[in-house]
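These notes concern the structure reproduced below.
Bear in mind that the values in this text are calculations on the coordinates, not laboratory data. Small disclaimer: the values here were computed from a predicted structure and weren't measured. Here the Cβ is made from the backbone with ideal geometry for all residues, glycine too, and neighbour counts use every protein chain on show.
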Amino acid sequence: MSLRSLIWRSLKKNIKSYYLYIFALVFSVALYFSFVTLQYDPSMDIIEGTIKGEASIRSASILLIAIVTIFLVYANNIFMKRRSKEIALYQLVGMNKSKVFTILNTENTLLYFGSLLAGIFVGFSFSKLLMLILIRITKVDNLAKLNFSSEALIQTAAVFIGIFLITMLFNYFFIKRKGILELFHTVSSTEMKTKKISIWEILIGLLGLLLIVTGYYVSSMLFDGDFATINALFMAMIFILASVIFGTYFFYKGSIRFLFNLVRKKKNGYLNFRDVLSLSSIMFRMKSNALLLTVITTVSALSIGLLALSYIAYYSVEKQAEMNVAADFAVANEKDVSLFEEALQEKKIGFEEKKVKVIQVYADLEEITVKSFEEVNYSTDYMPMPVVSEAAIDGLNLKPDEIKFTGYSDIMATFIQFKDSGKVQLESPEGRIPLTYIGIDRKPIVSSYFTSGGMPVMIVDESVFEMLAKQPDPSIQLESTVHTGITIKNEANLEKANAVFMDMTMSDMNASRYQFIMEQKNIMGLLFFVVAFLGLTFLITSGCILYFKQMDEGEEELPNYTILRKLGFTEGDLLKGVIAKQIFNFGIPLVIGLCHGYFAIQSGWFLFGTELWAPMLIVMVLYTGLYSIFGVLSVLYYRKLIKRAL
């Protein structure tokens, strides 16, 4: 038989076994090509001009190369291992290793570059959808055109030819180093099977649980003031990362077997049929898969954490806009007020106006504040603060000796916390005025122009305000002392009013809430798009790796299913055990990844936005749903194996 005929027969024989490898290739190429197409698309120029979008996508594409390379090399190794007996048989009938490698290399070349072309076609079609999603998220008003990019084609071809050479190198060393007997036993030797759990494994398992709990506990205290310096905070983050990752590895190495062993002992060793197919298999395989499962769990936690935090930032844009701009339009330059209002009247846009007089006063806040870090530059014992009269707040009536704060930002709350009560000293021409602090609200009443880097606004009694306003310290007064809030009566006219605002030559002291939202959605939208794309890539690659692993284990367990079927067990009996096994195989990394992600999000979500639960739960539910698809596919694959068992 000629070499060409042998290659063709081998390809026809193994094409069904390679369908997932082909899917992995097509998916990886389509993912990368569509992403790189965005990088070279002319439509990205609009985004690039405002938020440096192209640079972000280029950086993400580099990370994407690393993810795809690891994924394809791993998938290739699994299928090489599955064909180890076939490779051994080729050598057994007299073929040398060079000829065997030539057969496999030719076969892989045909499959690889065929999949490469298919992936480019799919990616080209998918790139328009990605562009539409990006434009939708970032609110950039631009039409998405399907432009085929020769630069993206060349870059994709270069990257995947490089990956192909890496996989060929792995295949060459796989064939070169293994003898015939070793190839025949490759599958059975990869899993470590230990009959009895040792004291050492129990200790490792308990250590893993302790490290994870410790990491969670330290993460919950990150911004509670327990770490006095920025360096201490950084070291705490490194400790949390190391503690959780090593704890996860030790958990898989010993805790799973230890916990399942307790279940077995509780049943006095009498396991039912479903337990044998699920728990026993997991107990013996989890230890040898500890490193792989740790990587998958860490990647899942990273994806969930980054997705949730970026979505929190995007989800909270409107709340952030309300904190920074206290009305639809905040005009601090008094000359611009009349010009803007006249322009609105010309366009027949109805509006309401509210003026608030704001002065800057030195205040001693030492008694009511707590700093989280020693490096915080705010000197709270003598700092300029904005002050307004109680008349600026409808329904508020303060006593002459009382003071209240409002408009406190979440980021500032991370570094400086306010106590529930205490005394505040205000500097006036007549000396210091002691006032009783009665609390703080979040609602802003003036624009961020008047606040000191996110610090709140102080509200005092009208008589106290008049006394402070008589002779304010000129060295700390801002250029403007009046905040004019303009609210559009009909929200349908808001975009039109914003166009009027942007067309006018306005001072930097003025701000538009609508414009702030649009600009922030551009920034946070692109961030969320890139993170979501990479997160989806992490999810699909880790899910595929677990699925490939289950395929590998299923082929190894096929003889056991044949024996069980011959003993009289039905397909339904076997399938119940398989379902329980897949719940554990996919559920354990998912649940641990969700826990890791939750504590990571909980420790610093307030630095990214104002909403936590809604965006976090949306991300977690979607991630769980997509991840579960691979568990369902694994069950369906095992179902085919069980039918094939007899």
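For this structure, a couple of remarks:
- The packing ranking of peptides 246-259, 614-627, highest mean first, is 246-259, 614-627, where packing means the average number of other beta carbon atoms within 10 angstrom of each residue.
- Nitroxide proxy distance, nm - points 7 Å out along Cα→Cβ at residue 438 and residue 394: 2.0
- Radius, Kirkwood style, for segment 509-558 when every pair of distinct Cα atoms is counted (Å): 14.2
- Theoretical FRET efficiency, 1/(1+(r/R0)^6), r = Cβ-Cβ of residue 172 and residue 319, R0 51 Å, to 0.05: 0.35
- Helix 494-503 and the longest principal axis of the C-alpha atoms of the chain enclose an angle of approximately 70°.
- Computed label-point distance, nm, for sites residue 266 and residue 515 using a 7 Å Cα→Cβ extension: 6.4
- Only one residue of 289, 642, 159 has its Cα farthest out toward the positive end of the dipole of the chain, where Lys and Arg carry +1 and Asp and Glu -1 on Cβ, and that residue is 642.
- Projected area averaged over orientations for segment 568-646, convex hull of C-alpha atoms, nm²: 5.8
- Difference of contour (0.36 nm per residue) and Cα-Cα distance, residue 430 to residue 214: 72.3 nm
- Of the peptides 165-171, 593-599, the ranking by mean beta-carbon count within 10 Å, highest at the top, reads 593-599, 165-171.
- For the chain, calculated [θ]222 nm from helices alone, where every DSSP H run of n ≥ 4 adds -39500 (n - 2.57): -22000 deg cm²/dmol
- Overall, the chain carries a charge dipole of about 6280 debye about its Cα centre when +1 sits on the Cβ of Lys and Arg and -1 on the Cβ of Asp and Glu, all other atoms neutral.
- The distance separating the Cα centre of segment 601-641 from that of segment 541-561 comes to 22 Å.
- Taking every alpha-carbon pair in segment 559-598 and binning the separations at 10 Å intervals from zero gives 27, 33, 21, 14, 4 percent.
- To the nearest ten degrees, helix 199-220 and the longest principal axis of the Cα atoms of the chain are 20 degrees apart.
- Under Karplus coefficients 6.51, -1.76 and 1.60, residue-wise ³J(HN,Hα) of segment 609-617 in Hz, glycine/proline x: x, 10, 10, 10, 5, 4, x, 5, 5
- Principal axis box of segment 69-134, alpha-carbon based, largest edge first, Å: 57, 19, 14
- Between the listed residues 126, 493, 516, the Cα displaced farthest toward the positive end of the dipole of the chain, a dipole computed from Cβ unit charges relative to the Cα centre, is found at 126.
- When segment 287-424 is reduced to its Cα atoms, the Kirkwood hydrodynamic radius in Å: 20.0
- Cα lying deepest toward the dipole's positive end in the chain, options 332, 149, 464, charges on Cβ: 149
- Under a 5 Å amide H cut-off, with hydrogens placed 1.01 Å from N, residue 610 pairs with 316 among residues at least 5 apart or on other chains.
- Peptide packing for 211-223, 390-402, 25-37 was compared via the average number of neighbouring C-beta atoms within 10 Å per residue; ordered from the highest value, the list is 25-37, 211-223, 390-402.
- Cut-off 17 Å, label 7 Å out along Cα→Cβ of residue 469, residues of segment 332-374 by amide N: 332-334, 354-362
- Tail weight of P(r) past 27 Å, computed on alpha-carbon pairs of segment 392-542, percent: 44
- Largest-first principal axis extents, alpha carbons of segment 514-646, Å: 71, 23, 19
- FRET efficiency estimate (nearest 0.05) - Cβ-Cβ, residue 607 to residue 496, R0 22 angstrom: 0.05
- Model label points for residue 154 and residue 113, set 7 angstrom from Cα along the Cα-to-Cβ axis, are 1.9 nm apart.
- Here the contact order of the chain, divided by its residue count and restricted to Cα pairs under 8 Å and six or more residues apart, works out to 19 percent.
- Degrees between helix 513-566 axis and first principal axis of the chain (Cα, 0 to 90, nearest 10): 20
- Correct choice for mean projected area of the Cα convex hull in nm² that was computed from the model, options [x] 37.1; [y] 39.1; [z] 26.9: [x]
- Cα gyration tensor, segment 64-107 - rounded (a/c under 1.5), prolate or oblate: prolate
- Listed pairs 419/489; 178/253; 253/566 exceeding 31 Å between Cα atoms: 419/489; 253/566
- Solvent-free Debye calculation, one equal scatterer per alpha-carbon of segment 392-442: log10 I(q)/I(0) at 0.23, 0.26 Å⁻¹ equals -1.00, -1.10.
- Gap separating the Cα centres of segment 485-520 and segment 562-577, nearest whole Å: 69
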